[in-house]
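As structure tokens, the structure follows; a few thoughts come after it.
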Amino acid sequence: MKKLIIITLLCLNAQIFAQPFSNSSHKTDRQLVAKLEKATAGFKGNVGVYVRNLKTNKTASVNQDSIFPTASMVKIPIMVGLFDKIQKGEIKFDQTLIYRDSLKYDDGIVGSLKDSTKIPMPKVVHLMISLSDNTGSLWLQALAGGGAAINQWMDNNGFEYTRVNSRTPGRKQAQATYGWGQTTPREMAELMVMIREGKAISADASERMYRYLGMQFWDGEALSQIPSNIKTSAKSGAVNQAKSEVVMVHAPHGDYVFCITTKNQLDERWERSNEGYVLIRKVSEIIWNHFEPKSKWKPVENYEKWWF
């Protein structure tokens, strides 16, 4: 009898652990849903949006559980996988890495280093998150144990669809469909919440990861529609047919998180007027004004010329 009780409790604990986020306790913000549906209507491609107000626990979404390419948002799972290795003592956070030409993927900062250049791992993490350095990201993915190890952490922590596909055994077809990584708007947003609340790996690991996410070079889309004096943490991603961004906003009336993703875009232009970029800015503006209706803030005139 005691064995049966223990087994039952273990199963219940496993279920709870495997479901760190659930809509069952969330109420729907129908007013915001209507705004999001109107904003995304007519988009030439597929769109997914998920929003949660952490103070009220209300959510609003469009295709929140559909799978989309992560593009460079995959660098959040990579960072989590790396910090998991560090927490286990398998690698050291403050170690110095030695760059080799064989690691080069593109001409980003890390990919432009000379062979045998020494660089502290914390700097590579910073370049991965803030500048979205691809060569550095693939380097850290390997140090994290590869995509398989990162995906195992995601699976163990209840993220059913968030996966690293590139350079990961058995995920060739997924890579052909979604690219480097895949996720859903809800899962990526809730991964950000898990980090923010100190529940990803450990409180101290989450704290360090969240600080990295608060330093963004690519701030011209969703972040441009939020006042510059408001603390945010974010990660964006973009490939030809997909644009995405996940953002945590520490707004005056309560923190909120949102993730917007696209795929199968007809507009593949790498310009600010790309339909995906325009939608990201529009959705970010809508959410800010919805939660801060008395705010009179607007982007200053001619602000666009200062974004790269």
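The values are calculated or read from the model by the stated rules, or taken from the named source; none is laboratory data. Bear in mind the structure is a predicted one, so any value in this text is a computation, not a measurement. A quick note on method: Cβ atoms are made from the backbone with ideal geometry, for glycine too, and the neighbour counts reach across all protein chains shown.
Data overview
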| item | result |
| --- | --- |
| Cβ-Cβ under 8 Å pairs, at least 6 apart or on other chains, region 201-226 side under 30 Å from Gly276 (Cα atoms) and of a type in the set (Asp, Glu), far side at pLDDT below 95 and not in a helix (DSSP H, G or I) | Asp219/Trp307 |
| Residues located in region 274-308, provided they are among the small types (Gly, Ala, Ser) and either over 16 Å from Ala39 (Cα atoms) or in contact with a helix residue (DSSP H, G or I) (Cβ under 6 Å, 6 or more places away or on another chain) (or both) | Ser284, Ser295 |
| Strands (runs of 3 or more DSSP E) (entirely within region 216-308) containing at least 1 residues that are acidic (Asp, Glu) and on the phi < 0 side of the Ramachandran plot | 242-251, 254-263 |
| Any hit, region 34-44, residues being over 30 Å from Gly147 (Cα atoms) and aromatic (Phe, Trp, Tyr) | yes |
| Top-ranked residue in region 53-88 [being outside any strand (DSSP E or B) and of a type in the set (Lys, Arg); ranked as nearest to Met188 (Cα to Cα)] | Lys75 |
| Enumerated strands (runs of 3 or more DSSP E) restricted to region 89-190, each holding at least 1 residues that are over 23 Å from the mean Cα position of the chain (by Cα) | 96-98, 118-120 |
| Near pairs, Cβ below 9 angstrom, 6+ apart or cross-chain, from region 106-132 (within 14 Å of Met79 (Cα to Cα)) to any residue that is surrounded by 20 or more Cβ atoms within 10 Å (Cβ to Cβ) and basic (Lys, Arg) | Met128/Lys75; Ile129/Lys75; Ile129/Lys235; Ser132/Lys75; Ser132/Lys235 |
| Scan of region 242-260 for residues that are under 22 Å from Glu304 (Cα atoms) and either crowded, with 24+ Cβ neighbours inside 10 Å or assigned by TED's automatic domain parsing to the domain that holds Ser132 (or both), ordered by number | Lys243, Ser244, Glu245, Val246, Val247, Val249, Ile260 |
